[in-house]
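Below is one structure; the comments refer to it alone.
Computed from the coordinates by the stated procedures, all read-outs in this text should not be read as laboratory data. The structure displayed is predicted, hence computed values, not measured ones. FYI the Cβ positions are ideal-geometry reconstructions off the backbone, even for glycines, and counts take in every protein chain you see.
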Amino acid sequence: MESDTLPSEVSMKTIDHNTITEVALEQMASTPDSRLKEIMASLTRHLHAFAREVDLKPEEWLEGIKFLTAVGQKCTPHRQEFILLSDTLGMSSLVNALHDRRAIEASTKSSLLGPFYRQDLPTRKLGESIAGKSNAPEVTLYGRVTNAAGRGIPNASVEIWQPDEEGYYDLQKHDPSEMDLRGKFHSDAEGRYHMRTIVPCGYMIPMDGPVGDMIRAQKRHGYRPAHIHFLVSAPGYREVVTALYVSGDAHLDTDTVFGPDASLVVSVEQHDPRSPIPNLPSLHFDFQLAAAEQQGSGRVGADPSQIMSAPQSAGR
């Protein structure tokens, strides 16, 4: 027998292109982690505003999903396509700049860690060469690691990695178990460091993936100027992730990943009387570290193998 009782009216919010944002934010309001709540709320507001601004079409939304899926599929323990995407969109450079603003003292400007960083670099003695497989002429790379007052920091860790004279990193040319043009050095009692290496060549970013497709669609050249990466750290100081850029490179002003700064440009000196290895051309740079106000990393990036194997945090 059918009931004569009519179902009570259900009160539902009308969801349209304007109200969906607040409805979504209300549902996220119970997030217990305050920082996660802040980040996700802002991301949702800006993402929705972006879709409204460009009047995003369903087929365009799907192309975006396909693109991000392809970026993830291109990632391996030795290649990080998402970091490359962040770099080419200027996001990595922006996060670096925000990180530099938080320092309580002046320090060397940050630059990109890039997608080719590797942890567990071989430790080398001061003066040793990191160029084991190259036939290019060697140069001396030297300087000091100091604090904001200009005093040398003893036993500071100086990690270095770079492409070769053809613009290739070891991961692109050799078996991943073989490291070349990489090393970790420690400064002496006066904060001084020196090593032998080669002058790198500028190169085009990896263009065989979805990020390369994006760069071509935007009619960008895809090149990076010649550079050498560094990660410099010492207890009690903020670590510096940066790079030195070789003067005269044609792409210094148009780097595809927005890395160079005038303060990071160095020149090859043919006869530098200050060089600890005077019979070689040299590159000189002094790194300045700021005191650490709190724990935390300034690395906008990571070893790709760390990202692939990192466990997911509970509840995230």
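List the trypsin sites (Lys or Arg not before Pro) within region 6-107 that DSSP assigns to loop and that have no more than 11 neighbouring Cβ atoms inside 10 Å. Present the calculation step by step, with values, prior to reporting the outcome.
Details: sites: Lys13, Arg35, Lys37, Arg45, Arg52, Lys66, Lys74, Arg79, Arg101, Arg102; in loops: Lys13, Arg102.
Listed in order of number, the matching sites are Lys13.
Charges were assigned to the Cβ only: +1 to each Lys and Arg, -1 to each Asp and Glu. The resulting dipole of the chain about its Cα centre is roughly 840 debye.
Cross-link reach is defined here as a Cα-Cα straight distance under 26 Å, omitting same-chain residues fewer than 8 places apart; for Lys133 the lysines meeting it are Lys125, Lys173, Lys184. In straight-distance terms, cross-link reach from Lys66 covers every one of the lysines whose alpha-carbon lies under 20 Å from its own, apart from those fewer than eight places away in the same chain; here that gives Lys57, Lys74. Considering only Tyr169, Gln27, Ile130, the residue lying farthest towards the positive end of the dipole of the chain is Ile130, judged by Cα position with unit charges set on Cβ. To the nearest ten degrees, helix 34-54 and the longest principal axis of the Cα atoms of the chain are 80 degrees apart. Using a/c under 1.5 as the rounded threshold, could you call region 79-237 rounded, prolate or oblate? The axes a ≥ b ≥ c are square roots of the C-alpha gyration tensor eigenvalues, and prolate needs a/b larger than b/c, oblate otherwise. It comes out oblate by the Cα gyration axes.
Taking +1 at the Cβ of each Lys and Arg and -1 at the Cβ of each Asp and Glu, which of His78, Leu56, Pro260 sits farthest along the dipole of the chain towards its positive end, judged by Cα position relative to the Cα centre? Farthest towards the positive end: Pro260. Annotation for region 121-218: trypsin sites (Lys or Arg not before Pro) lying in DSSP loop with at most 10 further Cβ atoms inside 10 Å of their Cβ are Lys125. Taking each residue as 0.36 nm, the span from Glu59 to Glu190 lengthens on full extension beyond its C-alpha to C-alpha distance by 41.1 nm. Computed from the Cβ-Cβ distance with R0 of 45 Å, the FRET efficiency linking Leu47 to Arg151 stands at 0.45. Placing unit charges on each Cβ (+1 for Lys and Arg, -1 for Asp and Glu) gives region 81-292 a dipole about its Cα centre, and among Thr197, Met214, Leu231 the Cα reaching farthest toward its positive end belongs to Leu231. Calculated on the Cα set of the chain, radius of gyration then Dmax: 24.4, 104 Å. Using a/c under 1.5 as the rounded threshold, could you call region 20-74 rounded, prolate or oblate? The axes a ≥ b ≥ c are square roots of the C-alpha gyration tensor eigenvalues, and prolate needs a/b larger than b/c, oblate otherwise. Oblate is the answer for region 20-74, as a/c is 1.5 or above yet b/c matches or exceeds a/b. With a ≥ b ≥ c taken as the square roots of the eigenvalues of the C-alpha gyration tensor of region 161-316, please select rounded if a/c is under 1.5 and otherwise prolate if a/b is larger than b/c or oblate if it is not? Verdict is oblate for region 161-316.
Loop-located GluC sites (Glu not before Pro) in region 178-242 (DSSP state not H, G, I, E or B) with no more than 14 neighbouring Cβ atoms inside 10 Å: Glu178, Glu190.
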